[in-house]
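Take a look at the structure set out below.
Where a number appears in this text, it was derived from the coordinates with a stated rule and is not lab data. For clarity, every value in this text was computed on a predicted model and none was experimentally measured. Neighbour counts run over all protein chains shown; Cβ positions are idealised from the backbone, glycine included.
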């Protein structure tokens, strides 16, 4: 299968210019990988700062404004620059064309433009760190975001620009999935990762524009004082929350759906067994994407929203919980009668199921009207969304890195260090965030740099846990860098997987397939 | 690429390597264009939703605000934009039937209509600025009856400002397509960029069709 | 995705474009008349906004169907474009329900 | 590695189980008791769901370990009955929990007609309470036990949120309109009040305290006023009532603003390089025009108290500061 003289997409062209002007979806994926991982490092440092500050009550080195700035950057960087672009831009870009047997995405130039728009937005956002910073929280709630003297307009425009990049990527992936599938690859035969990226793309295209207009109005509010969200002029801050969450809840599904797609791939590959309930999982992805637009108000039960609206949102949020439960049970059923190995990607997949189960059930608790009144804006919510975001999306992200690393770079990595990284991240994660459920139940509010004495011991445990997670992620980083430098040559199909990307050489050639693949069966034909 | 722009079948367009043929590329491009138009509708739609909500909360304030708008200018602008939509559609029509020169003239007329629209907008804005009817902090109209009239002009300038910006973007795109047409890059088999710019221009007209009654007439 | 190759692009006839433009101008005149001529405006009373938006919707249909060519386009593009309006409607309906079912408290000092 | 996942699974479910003894602060109202019951039910339901999902995962992972490289696995694509089960049963449980939650939520939102009304004003970084009798207090307020109390709240600047963990109630305080909250405490004692909507520099120092006392003590408290207090005691009371406590400590601990302990007679270095001796004039100017001189190392986050303090109150506070060695 190796092409002429070991040619592949990495050594086909040389020089930085060829990377920064490349239209190859694989190279653009690498550009995204480097930028997203850098921002992840910055966001991670902010997280460690927060946990260090909360090690004991009273203001240590971060008080008032500086703590608010660190928590805002942790939120904004992690949401807009790591976890929303993360899986779709890195693995979606690299493997969507490979999974459906295409040579490239539908609009390669648009794909490269998306990366530049993303980097322009990210640069704008990071620039606020050196000007007058921002301290509004990643949610920019008015009227505080109107009154505060920090660089909210720059940050808001940065988020608008990054939203534009997200729309362009989503648009690109929808057209690619519709129009560029290989002959014989019907929608019923595409891998579940493609279903996940496809439903995420629908969310990106349909939800991000409302964030766009909300942020523009917030900028207009600060520059001209138009008064739409400013109560002093008759505006309604709760309307800002409606507009903001109309985007931001679909955004959390933009974060989790690609991760679910990866888990479907990992569970089937390492159980050497066809997926259980392909159609159920595929339609659950689309179902989640559709229903995710109806549920945003469960962030606003106590914000001044009417009881009637709260009841509607609580009911609809219960409905969106069902497809998620279906997926979990289908993965569980896939393990049944499989032939399971515990390679590091599989450990991360099992870790995902463990943590996402806890994240899911606590989500139902928060969706329940009576309980959310107590839990809203406490550490219970912080623990919930970290369980589904870090426990869900980031576990899947690291699992995907280990799973696809041999294919992306043609190098194997050290399995022992990979498993060690899992232990650190998994244990560290639980030690960090499980106590926060208890802190939330005890009533500790979020975004506090100082807390009353009863919360001290659990916060200490949580901070220690955060160090373990930090170590774990650094082990992953060093392991993968070491693999690039000294890793053994990777075979074309190290894990015996059945999806199309493993039928080409590692790393793939510039034009992916030597001859157009003709697909005759489903993606998980482990017979 | 032939420099002589009168030759109808100028440089043959080569479809990108990852598409099977020109038609496959065309329908993919069209779908991409429509997806982008959805995001335009959703973005402007957010403003319309906000407008409707506050129109119901402060009806008399909105009525007072609308009374300052000159519906004659609004009506004239509507005719201008409908005309420009027609000439834009004609531009595509002519390219499809091979009359590239006529298409260029149609595109130039569309640009002219866009310019007229912006000039009328300029007069409306100066009229408002002169009266002090500005959004938020800059509002300085002494005889305002309702106390938060500034919000109406917040909406007015946000909606017409965003729409005006899109008219300018549309005009820039038309100019780019006009230049390429004069260079003879389009013919009856390849005219996707013109169609894309055309649809974008019709979206701009579509939004004005809703903006006109909303701001000028309903009041 | 079966592809028959000898496709030629649909050309919207000149006459249709002209007709559509005339109809659009007529509707514009109509909407201005119903809104600005006092006797008709008062006759409509509360219906006036509905009439205005009805006419605007008709004009929008003409532009979308003929000028933008949605009528001659594939079904999937129509669905894509319609989905934009659908989700806007969803946002408006639920926000409307919230804002107009709030129990307002008053200061009783 | 496998035993590691197993251990942490057991640990998680054990930890989850013992939160059933509800780490929540003891419920102080009847509705809070209902919330705790719903929470206990959901905890047990979640534990069972986790045992099925995680336990099942661990069990299958152990049982179907790969024996040899060329194991043959069963080609099961789907099972409609099973799939119906694990979509219908979760739906039923979720809707049941939704109904139960709604029932409690409705009780929280249905304001009793003849409740004791207390007006609450949230402002950047303090809570102010005003009673019908004109009695006002800051950060601390007193309510009688076993009587429904209705808080009618608005904010003077940005969003805040009034949260009493022991009563399991919370309501955002929105500027520009009134929002309300009601409870009927069944227990005496002091209860924490937190602000749970992000509101700026001292968001975490905006701590309130609610004292639930007997009806007699409540009426006595209403009559209290500060005639009998000395100047220094009145200064100390103002330090709390005017919200200075949120940013300025009196025991030297680090808060948002400089501490008041031991500053009398010292010299303060300013951000713009200047400095000044801390005396009456300096304290008066720092209170009325805080942003004129910013002490090095502190943010310019203090709102001005121009027109909110009488001469007599300013003197009381200055006397109080003198005593803080």
Averaged over every viewing direction, what's the projected area of the C-alpha convex hull for the protein assembly as shown? Give it in nm², one decimal, please.
49.0
At each listed q (0.13 Å⁻¹), what is the log10 of I(q)/I(0) that the Debye formula gives for chain A modelled as equal alpha-carbon point scatterers?
-1.36
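Can you tell me the alpha carbon radius of gyration of the stretch C:12-68 divided by the globular rule-of-thumb value 2.2 N^0.38 Å?
The reported ratio for this selection is 1.29.
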Quick check: pseudo-label points 7 Å beyond the Cα along Cα→Cβ at residue D:140 and residue B:138, how many nm apart are they?
5.1
Within 10 Å, count the other beta carbons around each residue, average over each peptide in D:136-143, D:121-128, D:271-278, and list them highest first.
D:121-128, D:136-143, D:271-278
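Average projected area of the Cα convex hull of the stretch B:67-169, in nm²?
Averaged projected area of the stretch B:67-169's Cα convex hull equals 7.0 nm².
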Shape of the stretch D:231-322, Cα gyration tensor, a/c cut at 1.5:
rounded
Separation of the stretch B:16-62 and the stretch A:34-83 by C-alpha centroid, Å?
35
Contact order relative to length of chain A, as percent, for alpha carbon pairs under 8 angstrom and 6 or more apart:
19
So what is the relative contact order for the stretch B:22-218, in percent, with contacts set as C-alpha pairs under 8 Å and at least six apart?
32
Calculate log10 I(q)/I(0) of the stretch A:44-186 for q = 0.09, 0.10, 0.12, 0.14 Å⁻¹, where I(q) comes from the Debye formula with a single equal point scatterer on each Cα and nothing for solvent.
-0.38, -0.45, -0.60, -0.73
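Summing -39500 (n - 2.57) over the DSSP H runs of n ≥ 4 in the protein assembly as shown and dividing by its residue number, what mean residue ellipticity at 222 nm do you reach, to the nearest 500 deg cm²/dmol?
On the way: 35 runs with 675 residues, N = 1180.
Rounded to the nearest 500, the figure is -19500 deg cm²/dmol.
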Relative contact order of the stretch D:231-322, defined on C-alpha pairs under 8 angstrom at six or more residues apart (%):
34
Label point 7 Å beyond Cα of residue A:485 along Cβ direction - residues of the stretch A:35-64 with amide nitrogen under 19 Å
A:38
Tell me, what is the FRET efficiency for residue D:40 and residue D:285 to the nearest 0.05, using R0 = 41 angstrom and their Cβ-Cβ distance as r?
0.15
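Can you give the FRET efficiency for residue B:123 and residue C:29, using 1/(1 + (r/R0)^6), R0 = 30 Å, r = Cβ-Cβ distance, to the nearest 0.05?
In this case the efficiency is close to 0.85.
How high is the FRET efficiency from residue D:225 to residue D:271, r the C-beta distance, R0 25 Å, rounded to 0.05?
FRET efficiency, residue D:225 to residue D:271: 0.05.
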Expressed in angstrom and rounded, the centroid-to-centroid distance over alpha carbons for the stretch D:152-168 and the stretch A:272-348 is 33
With no solvent and one equal point scatterer placed on each C-alpha of the stretch B:119-199, evaluate the Debye formula and give log10 I(q)/I(0) for q = 0.11, 0.14, 0.15, 0.24 Å⁻¹, two decimals.
-0.48, -0.61, -0.65, -1.08
Chain B, Cα convex hull volume normalised per residue, Å³:
123
Can you tell me which of B:199-211, A:452-464 comes out highest on packing, and rank the rest after it, using the mean Cβ neighbours within 10 Å?
B:199-211, A:452-464
Which value in nm describes the separation of the simple spin-label points at residue D:292 and residue D:95, placed 7 Å from the Cα toward the beta carbon?
6.9
Using the basic label-point model (7 angstrom from Cα toward the beta carbon), what is the residue A:464 to residue B:115 distance in nanometres?
7.5
